[in-house]
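The values are calculated or read from the model by the stated rules, or taken from the named source; none is laboratory data. Since we're looking at a predicted model, the values are computed, not measured. With ideal geometry, Cβ positions are generated from the backbone for all residues, glycine too; neighbour counts draw on all protein chains shown. With ligands, DNA and RNA removed, areas are computed over all heavy atoms of the protein, side chains included. Shrake-Rupley method; radii C 1.70, N 1.55, O 1.52, S 1.80 Å.
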Amino acid sequence: MSVQKEVVPTLVQKSQNMAYDEDAIFVERICSGDRLAFEHIYGKYYEKVFAIAKGVLLNTEEAADAVQEIFTLVYKNISRFDRRARFSTWLFRISVNRSIQEARKNRNKYRLVELNEALAKAVQEGDDSVDPKIHRSMARLQPADRAALVLYYWEELSLEELAQSLGCTPNAAKTRLYRARERFRSLYEEVSK
């Protein structure tokens, strides 16, 4: 009886410390072949995944294509999801990695277009509420820097969540975020002159 008194409070404390991931139920249903569960996940996370992809790629069409590839990867690899982590963290990590891969693949795509034409296109695609100088500065950043800034500022992830999404420690995420901010600040000041 004394063992039970010691075990129960320990289990209760562990369960309180573990964050409940409401998506875990849908992941299990997807793994068992439930297409409606995947549609739920798709609908729930589409906008966030699109925002990450667009923040990294800075192109609406490329972001839309990347989102489709991301969800295809998620569907094919859902059985690999480590249920000790939150589903959203796993999804955001795939989103960042796939978006960065796509940005690297398309790196030379716009070299053939005149700089002024490319900047005009980037400003046209941007949200009207976003300062064009911010958009131009973001366009000049490396995709990994854009990913860190988008996840932290637009998606409002904590440093811990940012670290998990980038696949690094919280200290490394903090350093990456600091460096990305400094590079952005420098580019913004340059564009503002």
Which number do you get for Rg(Cα) / (2.2 N^0.38 Å) in region 29-109? 1.10
Neighbourhood charge, 14 Å Cβ-Cβ cut-off, centred on Phe26 and excluding it, Lys, Arg +1 and Asp, Glu -1: -1
Cross-link pairs Lys54/Lys76; Lys44/Lys76; Lys105/Lys174; Lys54/Lys174; Lys44/Lys174; Lys48/Lys76 - those with Cα-Cα distance over 25 Å: Lys105/Lys174; Lys44/Lys174
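Which shape class applies to region 144-193: rounded if a/c is under 1.5, otherwise prolate when a/b exceeds b/c and oblate if not, where a ≥ b ≥ c are the square roots of the Cα gyration tensor eigenvalues? Write out the running numbers ahead of the final one.
Values: a/c = 3.12, a/b = 2.08, b/c = 1.50.
Prolate shape, in that a/c is at least 1.5 and a/b is the bigger ratio.
Can you tell me the length gained on complete extension of the stretch Ala24 to Glu182, counting 0.36 nm per residue apart and subtracting the Cα distance? Walk me through the intermediate numbers first.
Numbers: separation 158, 0.36 × 158 = 56.88 nm, distance 3.73 nm.
That pair, Ala24 and Glu182, stretches by 53.2 nm at full extension.
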Need one number: nm distance between label points at Tyr75 and Cys31, each 7 Å from Cα along Cα→Cβ, rounded to one decimal. 2.0
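What net charge is computed for the residues neighbouring Ala37, neighbours being all others with C-beta under 11 Å from the C-beta of Ala37, Lys and Arg scored +1, Asp and Glu -1?
Working: positive: Arg29, Arg35, Lys44; negative: Asp23, Glu28, Asp34, Glu39.
Here the count lands on -1.
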For region 56-96, rounded, prolate or oblate, judged on the Cα gyration tensor with a ≥ b ≥ c (square roots of eigenvalues), a/c < 1.5 rounded, else prolate if a/b > b/c? oblate
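Under a 1.4 angstrom probe, counting protein chains only, how are Glu102, Glu61 ranked by accessible area, largest first? Each step should come with its number before you reach the end.
Details: Glu102 20, Glu61 140 Å².
Per-residue accessible area, sorted high to low, gives Glu61, Glu102.
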Packing-wise, with mean Cβ within 10 Å as the measure, how do 65-78, 22-35 rank, highest first? 65-78, 22-35
